[in-house]
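The values are calculated or read from the model by the stated rules, or taken from the named source; none is laboratory data. From a predicted model like this one, the values you see are computed outputs, not experimental measurements. With ideal geometry, Cβ positions are generated from the backbone for all residues, glycine too; neighbour counts draw on all protein chains shown. Quick note on the areas: whole protein, heavy atoms, side chains included, nothing else; ligands and nucleic acids left out. Shrake-Rupley method; radii C 1.70, N 1.55, O 1.52, S 1.80 Å.
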Amino acid sequence: MEKIDKKANILEAAERLFTELGYEGTSTRQIAKESGANMSMINYYFGSKEGVFMEIMSQRIIDFNNQLTSISQDKLSGMEKLLKVIEGYAKRILCNHGLHKMMHRELSLSQRPEMFLKVKNTIATNLVVIEQIINDGIDDGSFRPVDVRMLIATLMGTISHVAISPSKITYGTSLDINNPEDRDLITIRLIAHLKDLLTMYLTPQK
């Protein structure tokens, strides 16, 4: 139990540091100090700082995959499934927008090709599930034919953009995405917008 707790402590501390300082600005020494672990323990569990980073990202992607799989197997309409996916993804990203921003920066720079490829392949498995939900809706006539991958890029890109550049929608207001209450309002607004977009875009014209 103590080993499991230590591993979890390392991941929690690393996530906080990565969010605050970025990948390059965080050292394994800082992670060890913040988590109350020693350097050898970090090396034992993860091998390196990159290993810690990959574990955090992999856990988040796998958790979302489990959520997607559960939704895809529910006895719901295609639209109900897709709306649940969007709601879950938006909440997941905005509740930890700082980490998402850091992760997005690391992936966009592609300075670590091996890490980039691993994450890219893992994310692709999640996109396949979403793509299947939309294609099933097209096949059964509940969705009109659309460019599925462009639609997914639009949905995921909008959520990511709000998380990374919230000022695009908060300027001229007192809303602050770092304030939990304001973040909840922004999340509700984002989900409502995407639901309207999906409903209008995918509903077949009579």
*Estimated dipole of the stretch 67-108 in Debye, rounded to 20 [Cβ of Lys and Arg +1, of Asp and Glu -1, Cα centre]*: 80 debye
*Roughly how big is the chain's charge dipole about its Cα centre, with Cβ charges of +1 (Lys, Arg) and -1 (Asp, Glu), in debye to the nearest 20?*
220 debye
*the chain - percent relative contact order, Cα under 8 Å, separation 6 or more*: 22 percent
*Per-residue HN-Hα couplings for the stretch 64-77, Karplus 6.51 cos²θ - 1.76 cosθ + 1.60 at θ = phi - 60°, whole Hz, x for Gly and Pro?*
5, 4, 4, 5, 4, 4, 4, 5, 5, 8, 5, 8, 10, 6
_Per-residue HN-Hα couplings for the stretch 34-40 [Karplus 6.51, -1.76, 1.60; θ = phi - 60°; Hz; x = Gly/Pro]_ = 5, 8, x, 9, 10, 4, 5
*Read phi for every residue in the stretch 91-103 and hand back ³J(HN,Hα) as whole Hz from Karplus 6.51 cos²θ - 1.76 cosθ + 1.60, θ = phi - 60°, with x for Gly and Pro.*
5, 4, 6, 6, 5, 9, 5, x, 5, 4, 4, 5, 4
*asked:* Could you give the length gained by full extension between residue 158 and residue 142, i.e. 0.36 nm per residue of separation minus their alpha carbon distance, to one decimal place?
replied: 3.4 nm
*Would you please classify the overall shape of the stretch 105-206 from the alpha carbon gyration tensor, given that a ≥ b ≥ c denote the square roots of the eigenvalues, rounded means a/c under 1.5, and beyond that prolate means a/b larger than b/c while oblate covers the rest?*
oblate
*In whole percent, how big is the carbon plus sulfur part of the accessible area of the chain, probe 1.4 Å, protein atoms only?*
54 percent
*Using Cα positions and a limit of under 14 Å, work out the aspartates and glutamates in reach of residue 91, with same-chain residues fewer than 8 apart set aside.*
63, 181, 182, 184
*Taking the chain, how much of its Cα-Cα pair set, in percent, is spaced more than 29 angstrom apart?*
34 percent
